[in-house]
């Protein structure tokens, strides 16, 4: 396998799209005011949810429609989805908010970049892609990865064509491969790779909630940065960096670290295998949307996302990011870790992510966006 530094370019047309069950650019430094609606600087923004008929997508669309800064919401899904996306839009449009909701749909055989109406994505400041297929029992990892990379690529192509300045929040697993692949493909087209981010805010939400439960400190006063990857042992909550979290004993922090890693399994078990962490995942994505849109409106804030980063020797990592009028304006370096446990875990995390990142970059070497 080639190293991360070796990335010869090549092209190969990809025509794979997503299965019905899959969905439930500009130069760096330019501002993203494409989605700023009428009303001057106090106006709202246009957002799109791809995969809006799924369990996470519906909840996310609902929460976004309730956000004061979202004045227009596009909801997109396949016509084969169990719930018609037109029904989702009609349901949400009955909310007593100013947000205007419009549905868009395609068949399985259609390519978004070629056949999705421009109105769906044009003018968007933020796009969420909640898509992908779960890994089946006994399925080769490479087969699972290629399917989801192809799904993500189809939708990212449409973003590159219709809203190249928008922040694209990927919720396609494995994020640690999909984000590097899509960001590298953006870079091939001279677009800003930092427009492509992986949504990892659920881990941070869990870490902060668990610290609240352990300490009694109000949850709104807790902000535990979670770095590394997206799932399992690659997730690293930095409890030492939060005033409340840092008061916990090493034993308590170890237990909470493990609980954050196993958060998805905890929910699945509680639901007896009949669903996953859809509600909390949608809420966490909404928190990211709020940070992005507040930044675009001039209220800068920070949140951890999986993004192209120089925080470690890895080229991609879940890192603290400052969001402002240009979207992801600054990817911060990780704080100095004097805590031996967290330092050892960070080393483990970088080892775990290496292979996933290389797989994503290898995909980008032999593909390019077609739009």
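The values are calculated or read from the model by the stated rules, or taken from the named source; none is laboratory data. Owing to the predicted nature of the structure, the values given are computational and were not obtained by experimental measurement. Here the Cβ positions follow ideal geometry from the backbone for every residue, glycine too, while neighbour counts run over all protein chains shown.
Quick notes on this one:
- Hey, residue 138 closer than 22 Å to residue 289 by Cβ and either touching a strand residue (DSSP E or B) at 6+ places or on another chain (Cβ under 8 Å) or not in a helix (DSSP H, G or I) (or both) or not: no
Rundown of residues vs (1) in a helix (DSSP H, G or I); (2) exposed (fewer than 15 other Cβ atoms within 10 Å of the Cβ); (3) not assigned by TED's automatic domain parsing to the domain that holds residue 225, yes/no style:
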residue: 299; (1), (2), (3): no, yes, no
residue: 303; (1), (2), (3): no, no, no
residue: 312; (1), (2), (3): no, no, no
residue: 317; (1), (2), (3): no, no, no
residue: 337; (1), (2), (3): no, no, no
residue: 342; (1), (2), (3): yes, no, no
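- The one condition in (1) on the phi > 0 side of the Ramachandran plot; (2) at pLDDT 95 or above that residue 293 fails to fulfil: (1)
- Residue identified as touching a helix residue (DSSP H, G or I) at 6+ places or on another chain (Cβ under 8 Å), closer than 26 Å to residue 47 by Cβ and part of a strand (DSSP E or B) among 282, 289, 328: 328
- For residue 149, the criteria (1) touching a strand residue (DSSP E or B) at 6+ places or on another chain (Cβ under 9 Å); (2) crowded, with 23+ Cβ neighbours inside 10 Å hold in every case but one, which is (1).
- Residue among 148, 223 that alone is in contact with a helix residue (DSSP H, G or I) (Cβ under 8 Å, 6 or more places away or on another chain) and closer than 30 Å to residue 119 by Cα: 148
- Inside segment 77-97, residues that are part of a loop (DSSP other than H, G, I, E, B) and in contact with a strand residue (DSSP E or B) (Cβ under 6 Å, 6 or more places away or on another chain) make up a count of 2.
- Out of 368, 333, sole residue that is outside any helix (DSSP H, G or I), surrounded by fewer than 17 Cβ atoms within 10 Å (Cβ to Cβ) and not assigned by TED's automatic domain parsing to the domain that holds residue 152: 333
- Failed criterion for residue 109 (all others in (1) assigned to a loop (DSSP other than H, G, I, E, B); (2) under 30 Å from residue 68 (Cα atoms); (3) more than 16 Å from the chain's Cα centre (by Cα) hold): (2)
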